[in-house]
Amino acid sequence: GRLIDDGVAAAIKYAVVLDDPSKDPYLTGLLRRVDRRRVISGMGERPAVVHLREFDLPGMTTGSGCIAPRQCRELFDACRSGDWPSAEERRARFIPLEDLRDAWGPARVLHHATELAGIAPTGPITPYVSPLTTTQAQALAPVARALREQEA
């Protein structure tokens, strides 16, 4: 809390991976020390609904929202309005892509998903990051396209 109190940090992006994000003693302890309005869910769609519902966090980050921005916004709006069934339904749409991001690396999967979903050519991935294998790209393509097609 001191970094926030001293004005050094404006907010905290909370991103601790747990099997069950509703049981999070670290986040519970953090929120005892820091105003929850300064803490956002920082791991995308997977824990976002739980973080906003159970811990009353004010916001979330997204990577997969680059593929489906309208759906991500609808997920967030459903959380803000307390429509938890709708939020969970929208969250579920992101999980296949989130699973691949967790398995193969969030940035490299998103890089390839952007192109495979037909959004834009992304070119070669930056040095020191390996591209997806052909097999991985073939597995990713229908997942990225399916999420993108739900944007229409």
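Taken together, the values in this text are just the output of simple stated rules run on the coordinates, not laboratory data. Please read all numbers here as calculations on a predicted model, not as lab measurements. No Cβ is skipped: glycine too gets one built from the backbone with ideal geometry, and neighbour counts run over all protein chains shown.
Check whether at least one residue in region 47-54 is within 30 Å of PRO121 (Cα to Cα) and touching a residue at least 40 places away in the same chain (Cβ under 8 Å), and report yes or no. So far as region 47-54 goes, yes, one or more of its residues are within 30 Å of PRO121 (Cα to Cα) and touching a residue at least 40 places away in the same chain (Cβ under 8 Å). Out of curiosity, is GLU88 among the charged types (D, E, K, R) and within 12 Å of the chain's Cα centre (by Cα)? For GLU88, the condition - among the charged types (D, E, K, R) and within 12 Å of the chain's Cα centre (by Cα) - is not met. Considering region 41-85 alone, what residues qualify as being at positive phi and more than 12 Å from the chain's Cα centre (by Cα)? Result: ASP56, GLY82.
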